Amino acid sequence: DVKVTQSSRYLVKRTGEKVFLECVQDMDHENMFWYRQDPGLGLRLIYFSYDVKMKEKGDIPEGYSVSREKKERFSLILESASTNQTSMYLCASSSEGREEETQYFGPGTRLLVL
Amino acid sequence: EDQVTQSPEALRLQEGESSSLNCSYTVSGLRGLFWYRQDPGKGPEFLFTLYSAGEEKEKERLKATLTKKESFLHITAPKPEDSATYLCAVLPTDSWGKLQFGAGTQVVVTP
C-alpha cells in the first residue's frame with residue numbers, strides 16, 4: 001500500500017529558528033514534492049525533486065531550501081522561520097511514466113511560527 | 001497560462017441527494033487530470049486519474065468523467081461520510097510532473 005509519512009503532525013517554532021520538515025516514502029518513487037496549503041490560496045508548490053541530489057524550484061521557493069540525499073527521503077528546511085511561514089505543509093511523491101504519475105500525499109505538518 | 005477552476009466553491013447536500021462538481025481547465029496540452037478528497041487537517045487522498053476525453057472512472061458513490069475542457073465528479077446518493085473538500089488537479093504535458101491545482105469544492109452532506 002502507498003505510504004508517505006511526515007515527521008511531525010504539529011510543530012510550534014519561534015521566529016528565527018531553523019526548522020526541518022522530513023518526508024519519507026516507501027514506494028521507490030523518483031519524484032518528491034513539497035507544498036504549502038493556506039486558506040483561500042490552495043496548494044502551492046515550494047520545491048520538487050526528480051532524483052537523488054536533484055532539486056527544482058516550484059512557485060514559491062523564497063525562504064525555503066530542500067535536501068534529498070536518499071531516494072526515499074526529502075527534507076524541507078526553513079533557514080530562519082518567519083510568521084508568514086505558518087501553514088500546512090504537505091509532501092507528495094510520484095513515479096515516472098503514464099499511469100504512474102499520480103502524486104500521493106502525506107498526512108501534512110501544521111506549522112505555527114510565533 | 002495554465003488554469004484550473006472548480007465550481008461550486010461549496011455544496012450542501014441532503015443525504016441521498018445526488019450532485020456534480022465541475023473542474024474546468026485551460027492547458028496547452030493535458031497529460032492527466034486528477035481528483036483528490038481532503039478531510040480537514042489531513043493530506044489529500046487520491047481518488048482518480050483521467051487521461052483522455054471520454055474516459056470515466058468509478059469508485060463507490062463517486063464517478064469522474066473527462067471532456068476536452070472539463071471534468072465532472074458525480075456523487076450519487078451521498079452519505080455524511082462523503083463530506084470533504086474535493087480537489088481537482090491537472091498535469092500539463094510540459095510541466096515536469098508539476099500539478100496545477102484548483103481551489104477545491106467543499107461538500108457537506110447532512111443526514
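The values are calculated or read from the model by the stated rules, or taken from the named source; none is laboratory data. Treat the numbers as computed from the prediction; the structure is a model and nothing was measured. All Cβ positions, glycine included, derive from the backbone under ideal geometry; neighbour counts span all protein chains shown. Just so you know, the surface numbers come from the protein's heavy atoms only, side chains and all, with ligands and any DNA or RNA stripped out. Shrake-Rupley method; radii C 1.70, N 1.55, O 1.52, S 1.80 Å.
A search for C-beta distances below 8 Å between a residue of segment A:16-28 that is closer than 9 Å to residue A:93 by Cβ and any residue that is open to solvent by 70 Å² or more (accessible area, probe 1.4 Å), counting only pairs 6+ apart in sequence or on different chains, returns A:23/A:7; A:23/A:73; A:25/A:3; A:25/A:72; A:27/A:3.
Scanning segment B:1-52 for residues that are of a type in the set (Lys, Arg) and within 18 Å of residue B:67 (Cα to Cα) yields one hit, B:31. Scanning segment A:88-114 for residues that are open to solvent by less than 10 Å² (accessible area, probe 1.4 Å) and small (Gly, Ala, Ser), we see that the one that is farthest from the other protein chains (Cβ to nearest Cβ) is A:93. Total residues in segment A:69-114 satisfying the condition of being among the basic types (Lys, Arg) and free of Cβ contacts under 8 Å to residues at least 12 places away in the same chain: the figure is 1. A count restricted to segment B:94-111 and to residues that are on the phi < 0 side of the Ramachandran plot and either in a loop (DSSP other than H, G, I, E, B) or charged (D, E, K, R) (or both) stands at 7. When residue B:93 is tested against (1) within 23 Å of residue A:104 (Cα to Cα); (2) in contact with a Leu (Cβ under 6 Å, 6 or more places away or on another chain); (3) β-branched (Val, Ile, Thr), exactly one condition is not met: (2). Kindly indicate the residue of segment B:5-36 that is of a type in the set (D, E, K, R) and either on the phi > 0 side of the Ramachandran plot or within 11 Å of another protein chain (Cβ to nearest Cβ) (or both) and also least open to solvent (accessible area, probe 1.4 Å) among those meeting that condition. The qualifying residue least open to solvent (accessible area, probe 1.4 Å) is B:31.
Taking segment B:37-54 as the range and being open to solvent by less than 50 Å² (accessible area, probe 1.4 Å) and over 26 Å from residue B:109 (Cβ atoms) as the test, only B:51 passes. Within segment B:52-93, being part of a strand (DSSP E or B) and in contact with a Gly (Cβ under 9 Å, 6 or more places away or on another chain) holds for B:65, B:66, B:85, B:86, B:87, B:88, B:89, B:90, B:91, B:92. If you go through segment B:37-67 and pick out every residue that is within 12 Å of chain A (Cβ to nearest Cβ) and of a type in the set (S, T, N, Q), you end up with 3.
In segment A:1-23, of all residues being open to solvent by less than 40 Å² (accessible area, probe 1.4 Å) and in a strand (DSSP E or B), the one that is farthest from the other protein chains (Cβ to nearest Cβ) corresponds to A:19. Within segment A:50-68, the only residue that satisfies the criterion of being within 12 Å of chain B (Cβ to nearest Cβ) and in contact (Cβ under 8 Å) with a residue 24 or more places away in the chain is A:58.
If you filter segment B:68-97 down to residues that are at pLDDT below 95 and open to solvent by 60 Å² or more (accessible area, probe 1.4 Å), you find that the one that is nearest to the other protein chains (Cβ to nearest Cβ) is B:96.
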